[in-house]
Amino acid sequence: PISSSGHLVLTENLYKIITGIDLTTNSSQIAFFDIMLHLGTLIAIFVYFWGDIVDIIKKFITACKNKDFNSNEAKYPVFIALSTVFTLIVVFPLKDIIEEMLVAPIWSGVFLVITACVLYSSEWISKKFQQKEETITVKRSILIGLAQGLAIFPGLSRSGMTIATGLASGL
């Protein structure tokens, strides 16, 4: 996993250096490019996982109708919503700090190194589990949401943080 925001910060600053633009300049064109890049990623995810998304929604609706949430797939939307709440709890208080970090490429480099350390350590931690579990729980959902919230820092990979947290929790 890579950090799109971290690599964007580094690439934007490299572009500014090459073109002679002041590094503290934050143009609307760069912001628009970032937004379009992330939107493109989101669309690609929906296209690629469309069948899985529809399947999860169908199972959730069926579980609601039958009042039977025994299958893990029927619980996924609840866990996703719970995880998202905890992501937002982390993100909103850090908003101003992150905006300042986005113009300082050193932070992206630091957090890219931290991502590597987290990925390596999560694999090491996950080896202590004799038997892996395939079920998501409320606790794991909250932990993954918190980890994803921390990935607001430029250079921390969202997918890396969520995968690492899942592995480290025994998934």
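Remarks
- Residue that is farthest from Phe111 (Cα to Cα), among those in the stretch 145-171 that are aliphatic (A, V, I, L, M) and in contact with a Phe, Trp or Tyr (Cβ under 8 Å, 6 or more places away or on another chain): Leu146
- Phe153 part of a helix (DSSP H, G or I), open to solvent by less than 60 Å² (accessible area, probe 1.4 Å) and either closer than 17 Å to Val9 by Cα or modelled with pLDDT of 90 or more (or both): no
- Number of positions in the stretch 71-94 that are of a type in the set (Gly, Ala, Ser) and without any contact (Cβ under 8 Å) to a residue 12 or more places away in the chain: 1
- Residues in the stretch 75-91 that are of a type outside the set (Val, Ile, Thr) and out of contact with any Ser or Thr (no Cβ under 7 Å at 6 or more places or on another chain): 6 in all.
- The residues on offer are Asp52, Asp22, and the sole one that is charged (D, E, K, R), within 20 Å of the chain's Cα centre (by Cα) and on the phi < 0 side of the Ramachandran plot is Asp52.
- Test for Glu100: is it part of a loop (DSSP other than H, G, I, E, B) and open to solvent by 30 Å² or more (accessible area, probe 1.4 Å): no
- Test: residue in the stretch 124-134 that is touching a residue at least 24 places away in the same chain (Cβ under 8 Å) and closer than 30 Å to Leu14 by Cβ: no
The values are calculated or read from the model by the stated rules, or taken from the named source; none is laboratory data. For clarity, every value in this text was computed on a predicted model and none was experimentally measured. Cβ atoms come from the backbone with ideal geometry, glycine included; neighbour counts cover every protein chain shown. Just the protein is used for accessible areas: all its heavy atoms, side chains included, with ligands, DNA and RNA removed. Shrake-Rupley method; radii C 1.70, N 1.55, O 1.52, S 1.80 Å.
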